[in-house]
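Read-outs: derived from the displayed coordinates by stated rules, not from any lab. Since the structure is predicted, the reported quantities are computational estimates derived from the model, not experimental observations.
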Amino acid sequence: MLDRRQSARDKVIYGGVAEIGEHGATRDCVVRNFSANGASLEFSNVVQLPKERRSKRMSLRIARKGRSFLAKVIWWRDNFVGVAFSAESPSELPVSDLEERLRKSEIKKRQLQRRIKELLGER
């Protein structure tokens with residue numbers, strides 16, 4: 001198979017969240033290899049991508065990298081997808097509220113733990 005990549009990719013295992021299509025549906029994935037120009041993704045089950053060519057874009061959030069990427073689907077087979085990253089700036093990407101919700105839930109958890117200790121008379 002001819003490798004047409006612009007740069008070599010590093011083999012990695014990163015958790016990712018892909019937002020596919022215009023409806024904002026997100027799916028967890030595993031990033032199997034990564035470079036500055038693209039990545040290979042594995043989903044837990046077969047990926048159904050939109051038929052329209054312009055809809056074959058996604059945003060990809062890789063928590064370990066602390067970044068989001070706008071990506072174009074280059075190929076897919078079953079539950080594997082190859083993407084090329086767009087040159088558009090990350091500020092143009094859809095923002096996921098997952099990190100903010102997680103931060104708020106951790107704060108709420110600490111508040112509830114303190115309140116339980118107060119009610120039990122512990123200090």
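Key figures for this structure:
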read-out	value
Linear extension gain, residue 8 paired with residue 42, 0.36 nm per residue minus alpha-carbon span	10.4 nm
Gain in span if fully extended, residue 77 to residue 111, counting 0.36 nm per residue against the direct Cα distance	7.6 nm
